[in-house]
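None of the figures in this text is laboratory data; all of them are computed from the coordinates on show. The structure displayed is predicted, hence computed values, not measured ones. Positions of Cβ are generated from backbone atoms using ideal geometry, with glycine treated the same way; all protein chains shown enter the neighbour counts.
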Amino acid sequence: MTPQLNAVLSTIGWTLVHFVWQGAAIALVIAAVLAGSRARSSSSQARHAVACLGLAALLAAPLATAVILHTSAATPFLANASSSAASASDATSVLASRGAETRRFATTAARTSAVVEPWLPVVVWIWLSGVLLLLARFAGASWQVRQLRLAALHTPLSRWQATGQRLAERLRITLAFRIVESALVDVPSVIGTIRPVVLLPVAALTNLTPGQIEALLVHELAHIRRCDYAINVAQTVAEALLFFHPAVWWMSARIREEREHCCDDIAVEVCAEPVVYASALA
């Protein structure tokens, strides 16, 4: 491999290695904040914002690390792409005047670098393979969603379209949307951000009262108002890029959980009756 490719693989590899502890640290902080917010009975909107901030931090950490690694050449543990046992002794001699503790740290860091460095290309290629696999799965799911959307655009509007328009006015939603009933979905869904489509499962509607259907519609319309579809796409991309870290999946799950709570809260506020989302559709 060329020196340039070696440098790129080293930077990406060390970025992935460092993200192991960075992701764990960020997750611990967010978990503590979420636990405190629940103890103080904070709103689901606040918890959702905290979880989104945590996922943004998880995405920003490797980017910042990669920039630092690319521009830094002072610390052998981070930036020396050709570290070896010889470079360990060089680093120790350079830092000898800084005290015994500094020398021990430099020696340990350089030895660790010498052990890890040969495995970095393997780590990078495994990571890249995982990313490509997950992005391919995402592309397949996106194609299926597109087909579902196209089918919905050729489906007559639901009899609940007028009710949805009335509820949308109360929610101050100005986007044009369609409400259709579909046998292709098992749970209510929103597809799209600019011209969204609300899909209502035909089978579930027969078991719901008009009041429950209105609450269900408000829940889905709340997703439209909050642009949750776009946020969910961003989450999926983050999961693909950082798939190897459990903190990313945990954070993303918290976002989805709090997102549903936010929409439930809006439905209760607008309809003034309980949202029987899970039980009614079971």
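Remarks
Residues are listed down the side, and each one gets a yes or a no for (1) more than 19 Å from the chain's Cα centre (by Cα); (2) basic (K, R); (3) in a helix (DSSP H, G or I):
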residue	(1), (2), (3)
V8	yes, no, yes
G13	yes, no, yes
S42	yes, no, no
L53	no, no, yes
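- Selection from region 117-131 of residues that are touching a Phe, Trp or Tyr at 6+ places or on another chain (Cβ under 9 Å), aliphatic (A, V, I, L, M) and in contact (Cβ under 8 Å) with a residue 24 or more places away in the chain: L120, V131
- Restricting the first member to region 172-197 and to residues that are under 16 Å from L157 (Cβ atoms) and in contact (Cβ under 8 Å) with a residue 40 or more places away in the chain, and the second to residues that are assigned to a loop (DSSP other than H, G, I, E, B) and not hydroxyl-bearing (S, T, Y), the beta-carbon pairs closer than 8 Å and six or more apart or on different chains are L175/I194; L175/R195; L175/P196; F177/R195; F177/P196; V197/F177.
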